[in-house]
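Heads up, the thing below is written out as structure tokens.
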Amino acid sequence: MADQSSSGGDGAMVTVASPTDSVDNGWDDAARAIYSVRKIAAPMGIVLQPDDRTPYLVDLHRKKFFSTDDLTDFPTHPVRVGVQTYVVSPDDQEPAGPARNLELLLWNVGRSSFHGGLAPWLSPTAPYRLTAWPDFTGVFHTTFHLRLTAHLANHVTTVDDLVELFPADADSVPGAMNAFSLLGILEHLPAQPAAAVQPVEPAADAERSTGGLWSRLRDRWGF
Amino acid sequence: MAEHVVLFTGPMGAGKTAAIASLSDIDPVRTEAANTDRVTADKATTTVALDYGEITIGPDEKVRLYGIPGQTRFEFMWKVLMRRAVGMILLVNNDNPDPIGQMLYFIDYFHELYERGGAVVAISRSDVGLGPTREEYYSALAAARPGLSIPIFSVDARSPEQMKIALFSLILNIESRAAVPSRYEEPRQ
């Protein structure tokens, strides 16, 4: 594909040639592009355009995305998502259009990519933990996501183990892990020698302090 | 009667009163008086004693919500309330002159409560002005207190739904922290 170097109007962004331009695999390649740009920490932005929808301008540096689409009708299974990468300078003005919390978009892309499977850069047997929580006051979530997050924030765990721990929501584990990864809050820890498998269950201290309050509060509020 | 005490801590003007009002089943008990500290928070009144609300879980179980007075001159009350609490929601207004410093101050002060139970940081007023990002709060917390597992959310303290998520996450995090370590972790002492 030829270079598409061009001014972004005010010079804020310049389109560059990219092997990820115009791909046809739904959100999978969008997730790969976000992951790869995040890993190299390059001053780059990404434009994602699902099917004929409004594009999303992803600015990983500013942790925002720019779009007139507020994600209330996020296309979870687009046939095609166009992906373009851009050079972004910290001195550039923000693109035109409403600036939105990037977490919301990355969370949706992660959960919608790879057809419910694990992203190729994640391993089902590698130990992971979370370094932060998603901003659950902003992103759509279920009680499963809260429980999974609380577990991963406090315990080093593999994806395989998570599937066993959350059997009723096992199908949702890979998508959530993909989303954590795109958010940049999933830490891969060096493999440790395996010890005897221990069940993870509430300890006596927890019972004393809250007595399983979470489940009763969930019932009380109808979550 | 099973009772679970949750503290709402943080500096003046962070939204503790609003947060309790968002969650409480009853009309919150508010003890406010004329604000004599207008330099610290531009607010007509500020809490000088306590805010109180409650959530009824069942006929024999309540969650009691206590908002502490934000000024440091009321530290003696913080200690009293901390003894009974299972956790805290620390509200920090993002337009505070030093919101990260405020977060670290309250985390340090209530560290015993964190060790015994848990904490959530709720960043209010992040929609006004240019305060730190959530990532900057996490980075500062990791640098000052490595190893803490504290959820940090942006909130509108007036939103019942958002405050429910914060409280829900606090309880879930307390229970999850106390679970048996996985095979990849050292047993806790």
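The values are calculated or read from the model by the stated rules, or taken from the named source; none is laboratory data. Keep in mind that what you see is a predicted model, and the values were worked out from it rather than measured. Neighbour counts are summed over all protein chains in view; Cβ atoms, including those assigned to glycine, are modelled from backbone coordinates with ideal geometry.
Screening A:G116 against (1) within 14 Å of A:S181 (Cβ to Cβ); (2) modelled with pLDDT under 90 leaves a single unmet condition, (1).
For B:L170, the criteria (1) part of a helix (DSSP H, G or I); (2) more than 8 Å from chain A (Cβ to nearest Cβ); (3) modelled with pLDDT under 90 hold in every case but one, which is (3). With respect to the stated conditions, A:P75 fails to be closer than 25 Å to A:A176 by Cβ, at pLDDT 85 or above and either within 14 Å of chain B (Cβ to nearest Cβ) or not in a loop (DSSP other than H, G, I, E, B) (or both). Applying the condition of being part of a loop (DSSP other than H, G, I, E, B) and without any contact (Cβ under 8 Å) to a residue 40 or more places away in the chain to segment A:35-61 and asking which residue is farthest from A:A96 (Cα to Cα) yields A:A41.
Take the residues in segment B:115-130 that are surrounded by fewer than 21 Cβ atoms within 10 Å (Cβ to Cβ) and over 16 Å from B:R145 (Cβ atoms), then tell me which one is modelled with the lowest pLDDT. By that ranking, first place goes to B:G129. Identify all residues within segment A:96-110 that are among the aromatic types (F, W, Y) and surrounded by fewer than 18 Cβ atoms within 10 Å (Cβ to Cβ); write none if there are none. Hits for segment A:96-110: nothing passes. Here B:F153, B:F74, B:F106, B:F110 are screened, and the one residue that is farther than 22 Å from B:S169 by Cα and among the aromatic types (F, W, Y) is B:F74. Listed by first and then second residue, the pairs with beta-carbon distance under 8 Å, at least 6 apart or on different chains, first residue in segment B:113-129 and within 12 Å of another protein chain (Cβ to nearest Cβ) and under 11 Å from B:L170 (Cβ atoms), second modelled with pLDDT under 85 and in a helix (DSSP H, G or I), are B:G117/A:S209; B:G118/B:R177. When every residue of segment B:33-50 is checked against the conditions, none turns out to be of a type in the set (D, E, K, R) and modelled with pLDDT of 90 or more. Checking the structure you have, find out if any residue of segment A:109-122 is more than 11 Å from chain B (Cβ to nearest Cβ) and within 26 Å of B:L170 (Cβ to Cβ). Yes.
When B:A179, B:A144 are checked against the criterion of being surrounded by fewer than 23 Cβ atoms within 10 Å (Cβ to Cβ) and within 14 Å of chain A (Cβ to nearest Cβ), B:A179 stands alone in meeting it. Applying the criterion of being more than 9 Å from chain B (Cβ to nearest Cβ) and among the polar types (S, T, N, Q) to the residues of segment A:123-163, the residue that is nearest to A:T76 (Cα to Cα) is A:T142. Are any of the residues in segment A:111-128 surrounded by fewer than 20 Cβ atoms within 10 Å (Cβ to Cβ), of a type in the set (D, E, K, R) and more than 21 Å from B:E136 (Cα to Cα)? Among the residues of segment A:111-128, not one is surrounded by fewer than 20 Cβ atoms within 10 Å (Cβ to Cβ), of a type in the set (D, E, K, R) and more than 21 Å from B:E136 (Cα to Cα), which makes the answer no.
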